[in-house]
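First comes the structure, then the notes that go with it.
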Amino acid sequence: MSIRTDMAAESFSQAGGAEKLQGVKVKNKVIENARLKVTDITIETQEAAEKLGRPVGRYITLTATDSTFDMYSDSFRERAEVIAKAIRELCGGCERFLAVGLGNYALTSDAVGPLTAEKIFATRHIKSLAKELDTDDLGEVTVIQTGVLGNTGIESSEQVKAIAERVRPQAVIAVDALACSELSNLGRTIQLCNTGISPGSGVENARKELSLSTLGVKCIAIGVPTVIDLCTAAQHIFGQTAPESSENIMVAPKTADKLSENCAKLIAMGINRAVHPALSQEDIQTLTC
């Protein structure tokens, strides 16, 4: 039975880690004041990418060392700055952005993207229309929520591509809920990468990918694992492999609503700080409340 995961760190671990895999660089560090462990994986070769089932690129995984993200943390400010720094590194000096909230607002475990989009400070209209204002300190940001195919009748990738062709961002930042294969990562990690994303891939409902090859611009993906395959979870709990005939069901933690809400606030602040570095967190909170 195949393991479902969107997490590069899990794929790397399942492949045997650095001892058995060439063409991959891994850096680990702990940021004490943010209570985060950072796992920075760079897949350098196509051979390694094929073994891991991940595109060549960089994957940054932030793991909370104190608790899951559905709990209050007094390290919010520091964590947001870590996310902002990672986004800046992955974007590489971009100044025009299209931020995309992927997922289903009506489903708590899939609402991270839409909830994040609501809290991002959009400025494209301000910079183009408010000529009397000094907006040099602001990045140019367009924000959209794509909804899901069953409700909209259009693929998220088609929406993003059409809007990107119109607003011409230098980078797309896509936020979505993810699936993991290890209980220890459920609601406890945030993954950022520069390889884009295939919405729904972790739950075997993959849609057309958002990436440099499909959009023509850099695509940064940010996600939180909010669901896990039931058979995989049972294996972690009981130490036994589920029968091949077992029905696969994706399950979410009972605090999925709080998890999505808290992660959306944190990721949105990180994005806002990354694209508007001249604004403080207090400024951003005032502008997005």
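The values are calculated or read from the model by the stated rules, or taken from the named source; none is laboratory data. Quick caveat: nothing in here was measured; it's all calculated off a predicted structure. For neighbour counting, all protein chains shown are included, and Cβ atoms are generated from backbone atoms with ideal geometry for every residue, glycine included. Accessible surface areas use protein heavy atoms only, side chains included; no ligands, DNA or RNA. Shrake-Rupley method; radii C 1.70, N 1.55, O 1.52, S 1.80 Å.
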**Request:** Answer with yes or no whether Thr45 is surrounded by fewer than 17 Cβ atoms within 10 Å (Cβ to Cβ) and farther than 24 Å from Asp283 by Cβ.
**Result:** yes
**Asked** Regarding Gly23, is this residue touching a strand residue (DSSP E or B) at 6+ places or on another chain (Cβ under 8 Å), at pLDDT 95 or above, open to solvent by less than 40 Å² (accessible area, probe 1.4 Å) and not β-branched (Val, Ile, Thr)?
**Response** no
**Positions within the range 48-68 being of a type in the set (A, V, I, L, M) and open to solvent by less than 10 Å² (accessible area, probe 1.4 Å), in sequence order** = Ala48, Ala49, Ile60, Leu62, Ala64
**Request:** Taking Phe76 as the residue in question, decide whether it is touching a Cys at 6+ places or on another chain (Cβ under 9 Å) and within 30 Å of Ala9 (Cβ to Cβ).
**Result:** no
**Prompt:** Just a yes or no: is a residue in the range 173-182 open to solvent by 60 Å² or more (accessible area, probe 1.4 Å), modelled with pLDDT of 90 or more and in contact with a strand residue (DSSP E or B) (Cβ under 6 Å, 6 or more places away or on another chain)?
**Reply:** no
**Asked** Would you call Cys231 under 30 Å from Arg35 (Cβ atoms) and in contact with an Asp or Glu (Cβ under 9 Å, 6 or more places away or on another chain)?
**Response** no
**Complete:** Scanning the range 67-80 residue by residue, those modelled with pLDDT under 95 and either closer than 11 Å to Asn33 by Cα or touching an Asp or Glu at 6+ places or on another chain (Cβ under 7 Å) (or both) turn out to be Ser73, Asp74
**From the options Arg58, Arg35, Arg4, residue that is modelled with pLDDT under 90 and basic (Lys, Arg)** = Arg4
**Prompt:** Quick one: how many residues across the range 13-57 are in a strand (DSSP E or B) and acidic (Asp, Glu)?
**Reply:** 1
**Prompt:** In the set Gly57, Gly16, Gly23, Gly53, which member is of a type in the set (Gly, Ala, Ser) and free of Cβ contacts under 8 Å to residues at least 24 places away in the same chain?
**Reply:** Gly16
**Message:** For the range 76-92, check the following and say yes or no: at least one residue is of a type in the set (A, V, I, L, M) and open to solvent by 60 Å² or more (accessible area, probe 1.4 Å).
**Reply:** no
**Prompt:** Which residue pairs have Cβ atoms under 6 Å apart, sit 6 or more places apart or on different chains, and have a first residue in the range 137-159 that is in contact (Cβ under 8 Å) with a residue 40 or more places away in the chain and a second that is loosely packed, with under 14 Cβ neighbours inside 10 Å?
**Reply:** Asp137/Ala278; Gly139/Glu95
